[in-house]
Amino acid sequence: MASKAAPRQIVPIGNLSVLHGDNWGKFPLVNSLFLRGPVRVVVDPGSNIEFFEEILREGPVQILLNTHYHGDHTRHNRLFSESALHVSEADAPVYHSLDNLAAYIGRKGRYDEDMWRQMAVEERGYTPRSVDVAYRDGEVYRFGETTVEIVQAPGHTPGHSCLLFRELSAIYLADIDLTRFGPWYGNAASDIDLFLESIERVSRIQADWYIPAHGPIIPGDRISGRFEAFAKVIHDREERILELLREPHTVAGIVATHPIYRRQFEPKDVFDFMEEMMVVNHLRRSLRLQQIDAIEEGRYRAR
Ligand SMILES: [Zn+2]
């Protein structure tokens, strides 16, 4: 069901429009949001560009809100250069400089940092932008009849946030996206323990509509077990890595077995980098939990 192909489409929930990118916002697209009312708000404009061109033809957008800094969510931010940019305080540094982005992602100081910088600017169009409002957990926006509450849910990124629309009984889950692939924590600034806490926190929020950034909307009566299954993917990956570490392995040795992505994807350098960051985040957690030891020559071994 979640993978059934579908063209871009709009699903209304009251005055909120869910802008499903092609194939239910499957990566590298997303499901964006557009809120109508006295203040027009666009959230994570990474869906098909036609939606945003149409919204801008209808009139100005006062607020551009990002749930976090990732490129699939911010792809069309530049169309909204006249809008006030709202991002979480913890992610704001990434908007201010490429240097900060390099550090958050984990490219800083690597052999390929310069190549990555060039790609980020020339191919992905990174340009610094000042943040107008740095929001924090628990803040509530009031737009006419509709309120939007920031539910900070870090782990994916330090400032990753979900948005709760109480009057509409809907929550935008951003990248707690409940996909079968599972949680993604492939940045140096990602954190598995925080991710697990965030899944737990968000799972306790009751709503009629759960809107992931990728995949179809999940009605409240179909949500049972979905957060648990999503979190379980982390534990399954952890098990796989611990099993492997019954024999000592280096990070590169672990990455070569693809414990996260399970096979080689192209482009290889991109996927290997993300796999490496995810493995490093697992090792960090397993060291903390004393499941493994760092032994000689950059190798790790299960206890
Ligand atoms: Zn993301």
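Tabulated results
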quantity: Single condition P154 does not satisfy, out of (1) more than 30 Å from S286 (Cβ to Cβ); (2) within 16 Å of the ligand (Cβ to nearest atom); calculated: (1)
quantity: Scan of segment 267-303 for residues that are of a type in the set (K, R), modelled with pLDDT of 95 or more and assigned to a helix (DSSP H, G or I), ordered by number; calculated: R284, R285, R288
quantity: Filter result (within 16 Å of the ligand (Cβ to nearest atom) and either β-branched (V, I, T) or within 16 Å of I13 (Cα to Cα) (or both)) within segment 200-214; calculated: V202, I211, P212, A213
quantity: Which listed residue, of R142, R201, R117, is part of a strand (DSSP E or B) and modelled with pLDDT of 95 or more; calculated: R142
quantity: Hey, P12 loosely packed, with under 15 Cβ neighbours inside 10 Å, under 20 Å from A207 (Cα atoms) and of a type outside the set (F, W, Y) or not; calculated: yes
quantity: Selection within segment 57-89 - in contact with a strand residue (DSSP E or B) (Cβ under 7 Å, 6 or more places away or on another chain), part of a loop (DSSP other than H, G, I, E, B), away from the ligand (no atom under 16 Å from the Cβ) and not β-branched (V, I, T); calculated: Q62, S83, E89
quantity: Check on F273, closer than 25 Å to P28 by Cβ, surrounded by fewer than 20 Cβ atoms within 10 Å (Cβ to Cβ) and aromatic (F, W, Y); calculated: yes
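The values are calculated or read from the model by the stated rules, or taken from the named source; none is laboratory data. The model shown is predicted, which means the values in this text are computed figures rather than measured ones. For neighbour counting, all protein chains shown are included, and Cβ atoms are generated from backbone atoms with ideal geometry for every residue, glycine included.
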